[in-house]
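K.L.:
First, the structure itself, so that you have it in front of you.
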Amino acid sequence: MRDRYSDLVNSRSGKTVAGMLGLPRPAKLRRYVPGQPLLVGAAVVKGVAGAPLLPEIRQVLASMAVPDVSDAATPDVATPDVATQDVVAAQASPSPAGPSLSRPSPSGSAPRLGAVVIDASAARVIEDLESLRAALAPCLRRLSPCARIVLVGTPPESLADPTAAATQRALDGIIRSVAKELRGGATANLIYAGQGPGAALESPLRFLLSARSAYVDGQVVRVAPADVRAPTDWSRPFAGQVVVVTGAARGIGASIVEIFARDGAHVICLDVPAAGEALARVANRVAGTALQVDITAADAGQRIAAHVAQRHDGRLDIMVHNAGITRDKLLVNTDAEWWGSVLGINLGAQLRLNEVLLDPELRGGLAEGGRIVSVSSLSGIAGNRGQASYAASKAGVIGMVQALAAQVADRGITVNAVAPGFIETEMTARIPLATRELGRRINSLGQGGQPVDVAETIAWLAQGASAGVTGQVVRVCGQSLLGA
Amino acid sequence: MADSLGGAPEVNSPAARPSADPDANANRNANRNANADGVAGSEVGTGPTIITLDALPNLGVLFARAAATSIGRGGALGDVEVRRPDVRVERTRLAAYDKVCGFALRDELPATYLHVLIFPLQVVLMVDRRFPLGLPGLVHVRNRIVAHRPVDADEVLSLSSSARALRPHPKGSQVDLVGEVRVGEELVWEGISTYLARGASAPGEVGPETHPGVELAADAIPTAVWHVPADMGRRYASVSGDVNPMHLSSLVAKAFGFPRALVHGMWTKAHALAALEPRLPAAYVVDVAFSQPLLLPAITNLVVLQRDQGWDFVVRPARAAGDHLRGTVRAI
Amino acid sequence: MSGNSAGPGAAVIVGGNRIPFARANGAYARASNQDMMIAALDGLVARFGMSGESVGEVAAGAVLKHSRDFNLTRESVLGSRLSHTTPAYDVQQACGTGLEAVVLVANKIALGQIDSGIAGGVDSASDAPIAVSDGLRHTLLASNRARTPMDRARALTGFRPGHLVPEIPRNSEPRTGLSMGEHQAITTAQWQVSRESQDVLAAASHHNLAAAYDRGFFDDLVTPYLGLVRDQNLRADTSVGKLALLTPVFGRGDDATMTAGNSTPLTDGASAVLLASPEWAAERQLPALARVVDAETAAVDYVNGDEGLLMAPAYAVSRLLARNGLSLQDFDYYEIHEAFASTVLVTLAAWQSEKFCHDRLGLDAPLGAIDRSKLNVNGSSLAAGHPFAATGGRIVASLAKQLSVKGSGRGLISICAAGGQGVVAILEAL
């Protein structure tokens, strides 16, 4: 949680900028700090049609001590007004500071909702969508700031019946639209849960409900049945684990290091030798290790493995590919050297490192049940003028993730990517002012994200409990309009 | 009260005039017009007037001008923002600052060094006629720094400063001078300097003022004893550029009612922070309230107590009652 | 004494760290010894993930030292990310400081008094202490001792304007008044070391150091500081031809062969080496690059005797070899500190000289020649620079890594020091 002047005094310049652009003032997003309540407010859990996942969803919420204010007796019936007077009001702090939701509470006594979770996984016909509408719509008026809407569906591609597939695919359209409708930092996301998911649902549900997903909005996450390792302590899911983070000296990389260390991991902080002073500082702050390696060196993978073999019983649990560069130029002006350096560092090095670290015979390589998370980019999805080389590398990362995930699934290894949108870092400084301001505003949350938002999403994908999530690209973009 | 802004006795030469955005000349005229009739500039519509500095202003000259124009100020806060883009840290200046304040020389900037970079912007803001309080006699009573992340000496910084929250105080009125440092668009540092103008009036009711919650017993055992030499004000002035004469000379200090010259409050804060330096987290808030001025030379005690998320600390006279400074460091 | 594994009672080198060395008044012009030592320690701590942890002791020192730095090493520890409960002390043996510190720590580990320790050194030629003249100092001290204002006034009458001339430390021997270069010029002439052979050695030092950087050898030995990423003195593109153009700065007439190119420049920098018992390293899963086998120190009478100032290592090595039952050729690497190119060449010549080995070392036969391809394989002081007390740590860490990369073998370190001293040591791969 960032501590801003606006916490103390109403922000004048912020108001002015927003006023000049005719845009609503962006909400202050609630971000995760250890020990905070999961939600600001109570939760409503509802189901449409059979809603087979309701018990599990309820159990997850109960385990996090979230007050449940849904009408539990009629899970399949949408109740226009779910509020009841006997519910416990939000146990959390009343507000994360900043402006409250756009619409006032309809009645003084009705509690604000921190989350609405709807199990629509059994929806198979158009009429089920009306039940969904009836269940969801009334709740939207009563959301707390930074509230969470999570729909749970069934992957449409798993359904043979056209009506059923259409119904499920409709959820995608609903969630993307609702996300755009929400205000006050609230988000809406959809989980397509494969058949018989078991506890695989818990990890994405926890993440999307929590403040860790502050800048993940309007996204669809697929979770498949998997052999899930639930942590003994959800606040320290990486206790005893070893993670390598490339590009760790600065920016998003340094933030990733901090989040993994906070959540219990030993972090091997990797960057080029020239970044050594900052790298040592980052490593020392989290009692991690600094490893100065140029990832484009031919023996980079072996050096990482040798380090892990020497220091950590040869067990590497998580590999985070964050290192990347930009050499922005129109393609027409790009020469082979610039082209090659971007693709070499952002993509070629990752491919080579993965090949080495995934060798099951190599001591110090990625362990069974390990995790690979790569940093892609919205540029890799939507493209960006002057960034052909960068977009090539970042789109390439997505291709790599999808192919690799299938290849290593039998070893319990997952491979995923995050695609950051507009994140406020030193790299965004190079974007021209108008583009920059546009990039910051053309998303549903009306603001840029923070490096920590990317880091939290990576950490979630790297959890043992996220075993059911693989081969995916999770956008951390506040539901940017780009490439959507 | 340790840090007070005073005026110099005479005007030397024209100040390094701030040029303005977007067109330097046009805005300079606009500023002049604004100065002439005492009305806030309105050339940017409803937004603030933005003064952009290309170079460091001469603070000695600005102090002098502030003294000359301090009469007849009042009214509401002007909507002015001072900016200085593309600031690069000079490592030799940083090294000199580190030495005077007691920091080890490394690429990472002390959080208080960014205040040194911001401070000239604050002065430009306060010298501007739209600033309702006279600069001489303004007392720095509180300084709160939010270090969002470590900043390195090789990063290019954009600085901005504005005045906010003019409010009444039982002894006069208070105002916050807020500074922001960005690398590109990323907000990496914020500083809030609260100044008290004794006897000045501000609209509104006297509200509650918060203070850093420091819990340290009056008889706590000191962590360190500082022998602060008589020239510390001059030494800090030379590395910070804050050449407010009451830190340089006993005579001027006497004119303001102090028996001797006093050291800058921000030196005291920096020196206390330096004592914690190797243990500071990556992101933190360091918040201090200044009380008694630290008159030079002095022997003072630093008392530090570790808390869950950081430290509480007090700088107090070694052989007298009261405190010079009370502060907290908290991880964020 | 030799063996393939570090048994009980051994001290192993876990690794090292240094900051790139800067030319005097270069990148570290404003950095103090303490600043640089902290940077070297913090880099070491990061490399081995020891933030907040303690070791048995830290021994380090500086040759040029301010009086306020009486506890330089401990103060540096307090400013670093090491635990505040880590004991530390200062060591000073001129240019032998760094290696002597390694020997001290290694011996304590071998004796079981500590299980781990850091040895290091730092020097700043830019931030050298300037002392007030003796006259002024005595006047001020007398004034300070005075009990009454009158006595104080009387004491101060002893002041003379000439007292204001400060004493800047000079790189000279107190007993001879000759600078180290001037001393070495005499030795160079005695041994008739040619200009070209000195320039060849200097060029090799630069080329070897540059190649080591290029192949990533220093990736886990050096941490950048204040924007400097490689040693500032390094000239990868130098050549014997270019070096031959420089004007000699030491020596007279035809004997003037020593130039700024084949002598080490004044340098700023710091280094640190982590040593441990094999058990301590194994417990923490830290590497053990090499074992400290043995060390020897010698001194020569360069004042009244007829030995050269920097010839002591030749004696020390002879005794070290004898004690360990080794010949000079039993090594895979030789690290002979390049105070001057001619220092290395004279030392090598002395070991080959029947007369020197017989008359001075008391040997029946000369120690013989070495394979020059095994000498200073990753460059040495002529290229990297020579912040006096930091050189030992640089050499120990680099040689230990080189032995670890090779996986077997033995290395000899030889460092000459002011005062006619020499510190030498043997490291062995594990």
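K.L.:
Tell me which residues come under 5 Å, amide H to amide H, from A:GLY449 once H is placed; ignore anything under 5 positions away on its chain.
P.N.:
It is A:PHE422, A:ILE423, A:GLU424, by chain and number.
K.L.:
Could you name the lysines in cross-link range of A:LYS46, using Cα to Cα under 22 Å and dropping any fewer than eight places away on the same chain?
P.N.:
Counting by Cα, and skipping residues close in sequence, A:LYS46 has these lysines nearby: A:LYS180.
K.L.:
Can you give the accessible area of C:HIS163 in Å² (nearest 10), computed on protein heavy atoms with a 1.4 Å probe?
P.N.:
Counting only protein heavy atoms, the figure is 40 Å².
K.L.:
Of C:LEU111, A:LEU291, which has the most accessible area with a 1.4 Å probe, and how do the rest follow in descending order?
P.N.:
Listed by decreasing accessible area, they come as C:LEU111, A:LEU291.
K.L.:
Which residues belonging to region A:265-287 lose at least 20 Å² of 1.4 Å-probe accessible area when the assembly is complete, relative to their chain isolated?
P.N.:
SASA drop of 20 Å² or more in region A:265-287: A:PRO273, A:ALA274, A:GLU277, A:ALA280, A:ARG281, A:ASN284, A:ARG285, A:ALA287.
K.L.:
Using a Förster radius of 45 Å, what is the FRET efficiency between B:LEU305 and B:ILE71 based on their Cβ-Cβ separation? Nearest 0.05, please.
P.N.:
Between B:LEU305 and B:ILE71 the formula returns 0.50.
K.L.:
Using only protein heavy atoms and a 1.4 angstrom probe, determine the accessible area buried between C and B, summed over both sides, in Å² to the nearest 100. If you can, show how the numbers build up before the last one.
P.N.:
Working: alone 17740 and 14430 Å², together 31040 Å².
Buried: approximately 1100 Å² between B and C.
K.L.:
Something else: Amide H neighbours of C:VAL249 under 5 Å, at least 5 residues apart or on other chains, H built in the peptide plane: list them.
P.N.:
When sequence neighbours closer than 5 places are left aside, the close amide H contacts are C:MET258, C:THR259, C:ALA260.
K.L.:
Along region A:450-464, what does the Karplus equation 6.51 cos²θ - 1.76 cosθ + 1.60 (θ = phi - 60°) give for ³J(HN,Hα), rounded to whole Hz, x for Gly and Pro?
P.N.:
So the J values, rounded to whole Hz, are 10, x, 5, 5, 5, 4, 4, 5, 4, 4, 4, 4, 7, 5, x.
K.L.:
Using only the alpha carbons of chain C, what is the convex hull's orientation-averaged projected area in square nanometres?
P.N.:
Hull-based average projected area comes out at 22.7 nm².
K.L.:
If Lys and Arg each add +1 and Asp and Glu each add -1, what is the summed charge of the other residues whose beta carbon sits under 14 Å from the beta carbon of A:ILE442?
P.N.:
Result for the local shell: +3.
K.L.:
Beyond 22 Å, what share of the Cα-Cα pairs of region A:242-476 remains, rounded to the nearest whole percent?
P.N.:
The share of Cα pairs beyond 22 Å in region A:242-476 comes to 50 percent.
K.L.:
Here is a follow-up. Mean Kyte-Doolittle of at least 1.0 plus a Cα span of 20 Å or more along the axis: flag which DSSP H helices in chain C meet both, please.
P.N.:
The answer, listed by residue number, is C:97-111.
K.L.:
Quick one: net charge of A:ALA388's neighbours, Cβ under 12 Å, K/R +1, D/E -1?
P.N.:
Once all neighbours under 12 Å are counted, the net charge is +3.
K.L.:
Using only the heavy atoms of the protein chains and a 1.4 Å probe, how would C:MET150, B:MET232 rank by accessible area, largest first?
P.N.:
Largest accessible area first, the list is C:MET150, B:MET232.
K.L.:
Name the lysines eligible as straight-distance cross-link partners of C:LYS401: C-alpha to C-alpha under 19 Å, and not fewer than 8 places from it in the same chain.
P.N.:
List returned: C:LYS374.
K.L.:
Chain C: longest stretch without exposed trypsin sites (Lys or Arg not before Pro) (DSSP loop, at most 14 other Cβ within 10 Å), sites themselves excluded?
P.N.:
Of all site-free stretches, the longest is C:253-430.
K.L.:
Using a 1.4 angstrom probe on the protein heavy atoms only, line up C:LEU64, C:LEU178, B:LEU276, B:LEU56 by accessible area, largest first.
P.N.:
Of C:LEU64, C:LEU178, B:LEU276, B:LEU56, the descending order of accessible area is B:LEU56, C:LEU178, C:LEU64, B:LEU276.
K.L.:
Per residue of region B:260-270, in order, report the coupling 6.51 cos²θ - 1.76 cosθ + 1.60 (Karplus, θ = phi - 60°) as ³J(HN,Hα) in whole Hz, putting x for Gly and Pro.
P.N.:
Couplings: 9, 5, 10, 7, 5, x, 6, 5, 4, 5, 4 Hz.
K.L.:
Could you run the Debye sum over the Cα atoms of the protein assembly as shown, one equal point scatterer each and no solvent, and tell me log10 of I(q)/I(0) at q = 0.08 Å⁻¹, two decimals?
P.N.:
These q points yield log10 I(q)/I(0) values of -1.02.
K.L.:
Can you tally the net charge around B:TYR97? Count Lys and Arg as +1, Asp and Glu as -1, for every other residue whose Cβ sits under 12 Å from the Cβ of B:TYR97.
P.N.:
Its environment carries a net charge of +2.
K.L.:
Excluding same-chain residues fewer than 8 positions from C:LYS355, which aspartates and glutamates have a Cα within less than 15 Å of its Cα?
P.N.:
The qualifying aspartates and glutamates are C:ASP306, C:GLU307, C:ASP364.
K.L.:
Quickly work out the C:HIS138-to-C:VAL249 label distance, labels modelled 7 Å from Cα along the C-beta direction, and quote it in nm with one decimal.
P.N.:
3.5 nm
K.L.:
Related question: Please work out how much accessible surface A:TRP339 shows to a 1.4 Å probe, ignoring ligands, DNA and RNA, in Å² rounded to 10.
P.N.:
Only protein atoms counted, so the area is about 90 Å².
The values are calculated or read from the model by the stated rules, or taken from the named source; none is laboratory data. Predicted model, so just to flag it, every value in this text is computed and none were measured. When we count neighbours, we look across all protein chains shown, and the Cβ atoms used for this are built from the backbone with ideal geometry, even at glycine. Remember, those area values only see protein heavy atoms, side chains included, never the ligands or the DNA or RNA. Shrake-Rupley method; radii C 1.70, N 1.55, O 1.52, S 1.80 Å.
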